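The values are calculated or read from the model by the stated rules, or taken from the named source; none is laboratory data. Since the model is a prediction, treat every value here as computed from it, not as a measurement. No Cβ is skipped: glycine too gets one built from the backbone with ideal geometry, and neighbour counts run over all protein chains shown. Just the protein is used for accessible areas: all its heavy atoms, side chains included, with ligands, DNA and RNA removed. Shrake-Rupley method; radii C 1.70, N 1.55, O 1.52, S 1.80 Å.
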Amino acid sequence: MTGRLNGFSYLSFKALYSFHSVRLFFFFRLIDPMLHYVFIAAIASALVGSGYLSYIIIGNIAFYAAQIMIINFITMFRMERRFGTLELNIAAPMNTFVVIFRKSIVPLADGLFVFLFGLLIGQLLFKVNIPWDELGNLLLIVLVVTFSVLSLSLFFACLSLLFSNINLFLNLVLGGLQILCGVHFSAHLLPAWIESISRILPLTHGIEALRTLYGLEAYNVQSLLMKEALIGLGYLTVAILIVKVMEYAARRSGALVKSA
Amino acid sequence: MNSAELLMREIKYFTNFNNKMYQFLLFFQPLVFLTITYFLGQMREGIEVERFIVASAIISMWSYVLYSSGSALVSQKWSDTLKMLVVAPVSLFSVILSKVLSNAVIALISMVITFIYSIVIFRFDLHIPNVWLFFGSVLVLVFSLSVIGLMLAFIFSAFENVFAFQNLILTPLIVLCGVFLPVESFPLFLQVLAYCIPMTWGVEAVYSSLSLSSEVYQQAGFSLLLSGVYLIVGLLFYRRIEIALRSKGNWGVM
């Protein structure tokens with residue numbers, strides 16, 4: 001079983017990552033996030049001053065990891081659709097969720113790596129010091145945020161199947177998350193009705209928890225983590241329902257997605 | 001077909017809502033950056049609003065030029081029109097130059113859209129003290145973006161998988177060209193590098209026109225001069241591509 005799981009995930013890795021050389025991995029997972037943080041740091045320093053740098057960098061570390069996972073998931077579904085293997089997953093004599101779970105391992109590990117590496121870059125490049133005495137809580141936050149973002153990614157990946165052109169959808173999702181989840185500024189600054197939307201999105205509470213642990217905000221970390229986990233669970237449930245409905249509809253109509 | 005007609009056709013094609021790739025860059029990206037600017041601006045009073053609206057516009061303009069002009073030459077191979085261009089009675093350089101110029105003009109539309117959003121949606125008090133001076137400096141910037149586009153089209157056609165690295169080019173150049181932080185605040189070697197890019201002078205000229213600084217003419221002059229040098233180098237590069245395509249039938253990834 002473990003061997004099959006590993007093999008399945010490895011094949012998924014080879015299919016999903018066209019850049020499986022060390023050199024390209026270095027570019028896309030180490031250099032690219034670093035450039036993103038430098039870009040954001042330049043905006044923050046110019047607009048609100050360097051005193052605000054830690055605040056905005058922490059938000060962007062979480063966002064960048066989320067971005068990687070969302071792109072990975074949507075790309076995975078897009079490729080499955082393009083090469084006609086999405087239907088095979090439905091028709092396979094195996095639970096669809098087991099298939100999705102196995103394919104999720106690589107994007108999950110990727111997102112986790114980028115998240116943890118981002119925290120290290122934050123410390124080395126921007127002096128956003130990791131609270132080593134709270135390392136356990138920090139890792140817990142990273143895991144909970146990764147789980148909730150993974151659920152959101154699955155949800156968006158399912159939704160993306162409804163669109164013939166995914167690029168615009170993906171960009172809108174990423175742009176929207178930057179604004180709604182308090183990545184660059186506190187979600188409290190948003191108008192009340194928009195903030196109520198941001199409160200039902202993953203990442204918002206997770207970023208607040210991270211900032212609290214770094215001493216940049218003062219909230220109850222436990223309560224924030226609980227909310228983040230519950231929201232993640234909610235999105236996972238909705239994503240599972242969507243997959244079930246689509247699976248049912250596909251079996252009945254013989255067509256799964258809008259043709260690309 | 002004359003140049004104006006070609007430009008109109010390009011504008012119609014790229015701003016068409018059926019062309020989904022560029023919808024985000026032209027219409028939605030300015031909204032995202034302006035929203036971030038708006039809320040970040042609430043964190044500190046007395047920020048120079050005009051400068052950051054223009055900065056948001058430059059990001060959108062640069063993104064558009066990178067994604068559109070970068071593929072100006074390679075896309076001819078994808079659509080199987082490269083061979084027609086090679087045997088056409090105009091040089092490859094002229095064809096690509098017209099494309100990158102039209103892309104830069106379309107990028108100007110994203111600046112206009114950014115201004116409209118900033119006034120209508122965000123109610124920013126956008127005050128441009130000398131509109132003609134500002135417009136002139138923006139045209140200088142647009143020209144510098146065109147020659148950068150010309151170089152990008154060459155680079156994208158010369159090397160494999162450059163498209164995968166687009167994001168690695170996008171943000172560093174915005175930072176390096178002083179869109180947010182002044183180039184003088186960078187280490188010396190980065191300053192030298194930045195001032196070798198015509199966009200840097202163009203960006204400085206645009207900001208100087210906002211503050212009515214007398215340096216605007218000098219900066220615009222340097223930008224035009226440097227753009228001219230890039231244009232000549234581009235002409236030589238494209239001649240080389242043409243010769244290679246005619247004699248060997250291939251060039252770079254084409």
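A few notes on this one:
- Any chance residue A:58 is more than 14 Å from chain B (Cβ to nearest Cβ) and closer than 30 Å to residue A:211 by Cβ: yes
- Boolean, residue B:229 is within 30 Å of residue B:92 (Cβ to Cβ) and either part of a helix (DSSP H, G or I) or among the small types (Gly, Ala, Ser) (or both): yes
- Output for region A:32-45, where each listed residue is surrounded by fewer than 19 Cβ atoms within 10 Å (Cβ to Cβ) and facing chain B (nearest Cβ under 8 Å): A:32, A:35, A:38, A:45
- For region A:106-127, the count of residues that are touching a Leu at 6+ places or on another chain (Cβ under 7 Å), closer than 17 Å to residue A:204 by Cβ and β-branched (Val, Ile, Thr) is zero.
- Scan of region A:46-61 for residues that are open to solvent by 10 Å² or more (accessible area, probe 1.4 Å) and under 26 Å from the mean Cα position of the chain (by Cα), ordered by number: A:52, A:53, A:54, A:55
- Flag if residue B:56 is over 18 Å from residue B:203 (Cβ atoms) and in contact (Cβ under 8 Å) with a residue 40 or more places away in the chain: no
- Which listed residue, of A:216, A:225, A:241, A:190, is over 20 Å from residue A:57 (Cβ atoms) and open to solvent by 50 Å² or more (accessible area, probe 1.4 Å): A:241
- At least 3 residues being in contact with an Asp or Glu (Cβ under 6 Å, 6 or more places away or on another chain) and on the phi < 0 side of the Ramachandran plot is the threshold, and among the helices (runs of 4 or more DSSP H) wholly inside region A:156-260 those reaching it are A:204-213.
- Here is the figure for region B:31-73: residues that are facing chain A (nearest Cβ under 8 Å), surrounded by fewer than 21 Cβ atoms within 10 Å (Cβ to Cβ), in a helix (DSSP H, G or I) and of a type in the set (Val, Ile, Thr) total 1.
- Residue that is farthest from residue B:70 (Cα to Cα) [pool: residues in region B:86-100 that are among the hydroxyl-bearing types (Ser, Thr, Tyr) and touching an Asp or Glu at 6+ places or on another chain (Cβ under 9 Å)]: B:91
- Residue check, residue B:98 open to solvent by 10 Å² or more (accessible area, probe 1.4 Å), in contact (Cβ under 8 Å) with a residue 60 or more places away in the chain and assigned to a helix (DSSP H, G or I): yes
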